[in-house]
Amino acid sequence: MSPTDNPIFKNAPFDKYPQWVLAKLRPQAIDMIQRVHNWIETECIPAEQIMKAQVAANRWKTPEIMRSLRAKAKSQGLWNIFLPNHFKESPGLTNLEYSCCAEIMGRVYWGAMTMNCQAPETGNIELLAKYCNEEQKRKWLKPLMDGDFSSAYSMTEPDRASSDATNIACRAVRVGDEYIVNGRKLYGNVNYNEDMKLYIIMLCTDPDNKDPWARHTTFLMPSDTPGLTIKRNLTIMGYDHAPEGHGEYVLKDVRIPKENVILGEGRAFEIAQGRLGPGRIHHCMRLLGQAERAFELALLRCKDVRKMPRGKFIGDFDSNIERLAAMRLQIDAMRLVVLNAADTMDSQGNKAGRYVIAQSKILVPEMMANVIDECMQMYAGQGLTQHTSLPEMWAYARFVRVADGPDAAHRHQVGRDQLKKFEATRLRHTAYADRARGLRKQWGLESSEGEFEWEYVPPAPAKL
């Protein structure tokens, strides 16, 4: 039976997926995707104003509506659905299947949090499960999976070019059974919120090691550790993202017991790489949902009877008709990029999917920011204010261009990988030129010097 023969696929959210994706969705995944869709549409979107009001009343306390939604989602089995198959609690979704769920979650900025599928929790839970010992898992992993508290992942530093993480310099010195830590960090969630209990923090323990990839160690650091001081919450494009936020903090003679080292000294980069992969495109998945909400707002604006310049609907102007078409095509194209990345990870593994992961990370945030910007343009002056959620959506998209590494770093990696194809490309074009010369001789086509300069193929460069 063709996927299109299944009547459920004719309805949201399945009507946006290409045929090859529909063919790969298993029955349990179809059920989960539909349930997540119903949850976001009926429980989360209608609660957005309640959430805003409760956060405004107490910015650094988890709103009661969020606690209520989390409890309800958990009771309905909509909990930790990102978990890979090696967890007994996993629903068993593939990356491709989960990407469909994550896009739906992204329709509400905090939608994933109601299901314990938000960043950084997803990456932190996988890190703890993969690298921690049994005692560490008992103390930190199980409560995170149960949703008893939240956590943060801390690498970035204000005094270093952290896009090259070997620069990380926040220092941890072993003294007896403890490490004494001094330095500064950025972007770990602030502990203003009492639910924030754990920092997974990357520190320099062996700065003189000749191998720069073996100088750093990852630690478990409780958020109430003496000597840890939050200087301020960092706003992003003016938004404080309460009640979680992003912190700028100082560590002054902080003491971390040796039992809180994850995996062993010098293995931070091994852990960091193991934490990435799917997490790098989760943001991209959710951004698609944000862009779809923005597009819907633009559609509503197009036929708003209160907004009729020169007696015409905004949507009657050719420029806006073309704008809608361009946005629709861009969203659909970026969905294909993300779905392809997820499917590649499923079929070939995270390492083999490095290029398509980078492709998503580079293209999707920038493209979706452009889409949201166009929607803001259609709302004119109102589109820049709190009259709509468009500015917050745009700020999130702009943030994702930096989250998990700036897009410039990913572009550099993709470009370097392409340059590695030089020799194979040179040999192929040499064969083209040789064949062309043979055909000219066969057909009696004489050439003057330089006439076929386009056939020139550079020789293999000498090794420097």
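Conditions tested, residue by residue: (1) farther than 20 Å from Q118 by Cα; (2) open to solvent by less than 60 Å² (accessible area, probe 1.4 Å); (3) of a type outside the set (S, T, Y).
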{"position": "L329", "(1), (2), (3)": "yes, no, yes"}
{"position": "T344", "(1), (2), (3)": "yes, yes, no"}
{"position": "I362", "(1), (2), (3)": "yes, yes, yes"}
{"position": "A395", "(1), (2), (3)": "no, yes, yes"}
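Name the residues in the stretch 286-316 that are open to solvent by less than 40 Å² (accessible area, probe 1.4 Å) and farther than 20 Å from I372 by Cβ, would you?
none
Would you please name the residue that is least open to solvent (accessible area, probe 1.4 Å), looking only at residues in the stretch 216-248 that are in contact with a helix residue (DSSP H, G or I) (Cβ under 6 Å, 6 or more places away or on another chain), part of a strand (DSSP E or B) and under 19 Å from F399 (Cα atoms)?
I236
Condition first: charged (D, E, K, R), in contact with a Gly (Cβ under 9 Å, 6 or more places away or on another chain) and farther than 15 Å from N95 by Cα. Can you find one or more residues in the stretch 332-340 that meet it?
no
Name the residue that is nearest to A433 (Cα to Cα), counting only residues in the stretch 443-458 that are open to solvent by less than 100 Å² (accessible area, probe 1.4 Å) and at pLDDT 70 or above.
E455
The values are calculated or read from the model by the stated rules, or taken from the named source; none is laboratory data. It should be emphasised that the depicted structure is a prediction, and the values quoted were computed from it without experimental measurement. Every residue, glycine as well, gets a Cβ built from its backbone with ideal geometry; the counts of neighbours run over all protein chains shown. The accessibility values were calculated without ligands, DNA or RNA, using every heavy atom of the protein model including side chains. Shrake-Rupley method; radii C 1.70, N 1.55, O 1.52, S 1.80 Å.
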